[in-house]
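Reading through the structure tokens given below for one structure.
Derivation of every value follows stated rules applied to the coordinates shown; laboratory data play no part. From a predicted model like this one, the values you see are computed outputs, not experimental measurements. Cβ coordinates were reconstructed from backbone atoms using ideal geometry, including for glycine residues, and neighbour counts include every protein chain displayed.
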Amino acid sequence: MDKPVIIVSAINIFEGGALTVLKECLNALNNNFSNEYHIEVFVYQKSLFNNDHFNNIKFNELPKSRKSWFYRLFYEYFFFNRVSKEIKPILWLSLHDTTPILQTGIKQCVYCHNPSIFYNSSLSDFFYDKTHVLFSLFYKFLYQINISKNDFVIVQQDWIRTKFSNLFKIPLSKILVAYPDSGEVSPANCEVFCPVKATFIYPAFPRIFKNYEIIINAAQILIDQGITDFEIKFTLSGVENSYAKKIAKLSKSIPQIIFVGLMQRTMLLREYTNTTALIFPSKLETWGLPISEFKTLNKTILLADLEYAHETLGTYDKACFFNSEDAKDLATKMASLILNGPHTVWQNTTQQAPEYPFTTSWKEMLHLVLSH
């Protein structure tokens, strides 16, 4: 090949936030690096990118990668090693947490965006989502395989950098904090409305750490206090998995809670414009994209008082934090907003930027990695 090669491996990515991360990465490579580099990507399915315009990227499809862990591990630790010897890329970027075993001398980085290893599961969690609980234990093992071979381990937030450094004994200087592109989340061309009735929304796929229960309990507290003129929208249907069924059962007697189902991103952004406030009580996130999205509307955000939420929110003057274990605390904030207006709960928040290495866009991050 007449150009140096960049390879991206992302064979386990097929939906949700991980797919958004992959497409944002490829967009940056396609638009900013394809003149200087030949770019190849290994994916589970090419059709995932039919509506994208990555004309300067070569796609290699490995459809067996999601059939079983045998294939996944074979590709990571054997097949990719052979590919690296044949192609000899200048950079290998693994976008799905695991570090492939490559030929010596190749610059490689791993992007880690699965926070499940930091979640302390309970017996109840195991009952409702045993796959996630067991998977988080397995992932802790997978993360550490070959991780020290990376030139950079890439994470989305500074608190994760500290935890990775302590857990895997990696120097902080080798862990790059890469904030998602802020320009990618603005709900463009959407008119912002102020609903007559206080309307809250929580957009999250039903996982055990998403903490839907605290919103349900807070809603019941409000009703018991005679406060009923509000609405809460959950972006699930209640049948997605065992945990979703639990949430549906707990919400059954509360008419203020409405299940609107899973939404495409464009529909969700439009839904935000008709909402008074975002509630985000999740106990664990690597970022929390809805926080960034809702922030662009300059509306009220009620957030779990946790490290990820403070860092994602950054500097903002229309948010407030609540104890993620205390439904009464959340109910108090919601009651003040409903009865007296959103401004009554606002807090000014500021957040300092992380230490180097730190970037705020894919373009900046890729430049840093390639020049290091």
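Ordering Ser116, Val43, Thr286 by Cα displacement along the dipole of the chain toward the positive end leaves Val43 in first place; charges were set at the Cβ atoms of Lys, Arg (+1) and Asp, Glu (-1). Exposed loop positions in the chain were taken to be trypsin sites (Lys or Arg not before Pro) whose DSSP state is not H, G, I, E or B and which have at most 12 other beta-carbon atoms within 10 angstrom. Between these positions, the longest stretch is 253-372.
Excluding same-chain neighbours fewer than eight residues apart, the aspartates and glutamates reachable from Lys58 by a Cα-Cα span under 17 Å are Asp2, Glu24, Glu36, Glu40, Glu86.
Full extension of the segment from Glu325 to Ile145, taken as 0.36 nm per residue of separation minus the current Cα-Cα distance, would add 61.4 nm. 3J(HN,Hα) along segment 251-257: 8, 3, 8, 10, x, 6, 8 Hz, from the Karplus curve 6.51 cos²θ - 1.76 cosθ + 1.60 with θ = phi - 60°, whole Hz, x for Gly and Pro. Between the beta carbons of Asn274 and His53, assuming R0 = 35 Å, the FRET efficiency works out to 0.70 to the nearest 0.05. Model label points for Asp317 and Asn81, set 7 angstrom from Cα along the Cα-to-Cβ axis, are 5.8 nm apart.
Local charge for Val196 was computed over the other residues whose Cβ lies under 14 Å away, with Lys and Arg +1 and Asp and Glu -1, and equals -1. Free of any GluC sites (Glu not before Pro) that DSSP assigns to a loop and that have at most 14 other C-beta atoms within 10 Å, the longest stretch within the chain is 37-190. Between Thr360 and Glu24, the contour length at 0.36 nm per residue exceeds the Cα-Cα span by 119.7 nm. Entry note: the chain has Rg to Rh equal to 0.98, where both radii use alpha-carbon atoms and Rh is the Kirkwood radius.
Were the residues from Asp2 through Gln351 laid out at 0.36 nm apart, the gain over their Cα-Cα distance would be 121.2 nm. Bridging of Lys64 to lysines at a Cα separation below 25 Å is possible for Lys23, Lys46, Lys85, Lys88, Lys130, Lys140, once same-chain residues fewer than 8 apart are set aside. Close amide-amide hydrogen proximity is noted between Val8 and Glu40, Val41, Phe42, Leu93, each under 5 Å apart and 5 or more residues distant or on a separate chain (H modeled in the peptide plane; Pro and chain starts excluded). Working note: Karplus 6.51/-1.76/1.60 with θ = phi - 60° gives segment 361-367 the couplings 7, 5, 4, 5, 5, 5, 4 Hz, where Gly and Pro are set to x. Database remark: amide H of Ala319 closer than 5 angstrom to the amide H of Ile301, Gln347 (H placed geometrically; neighbours at sequence offset of 5 or more, or on other chains; Pro and chain starts carry no H).
Close amide H contacts of Asp97 (hydrogens built in the peptide plane, cut-off under 5 Å, sequence separation of 5 or more or a different chain): Tyr111, His113. Scalar couplings 3J(HN,Hα) for segment 151-166, obtained by applying the Karplus form with A = 6.51, B = -1.76, C = 1.60 to θ = phi - 60°, are 5, 9, 9, 9, 10, 8, 9, 5, 5, 6, 4, 4, 5, 5, 4, 6 Hz; x denotes Gly and Pro. Shape class of segment 198-349 from the Cα gyration tensor (axes a ≥ b ≥ c, square roots of the eigenvalues): rounded, since a/c falls below 1.5.
Charge tally around Val239: other residues with Cβ under 14 Å, Lys/Arg +1 each, Asp/Glu -1 each, net +3.
In a simple Cβ point-charge model (Lys, Arg +1; Asp, Glu -1; nothing else charged), the chain has a dipole of about 1000 debye relative to its Cα centre. Within a straight-line Cα-Cα reach of under 24 Å, Lys197 can be paired with the following lysines, leaving aside sequence neighbours fewer than 8 residues apart in one chain: Lys233, Lys252, Lys295, Lys299, Lys318, Lys328, Lys333.
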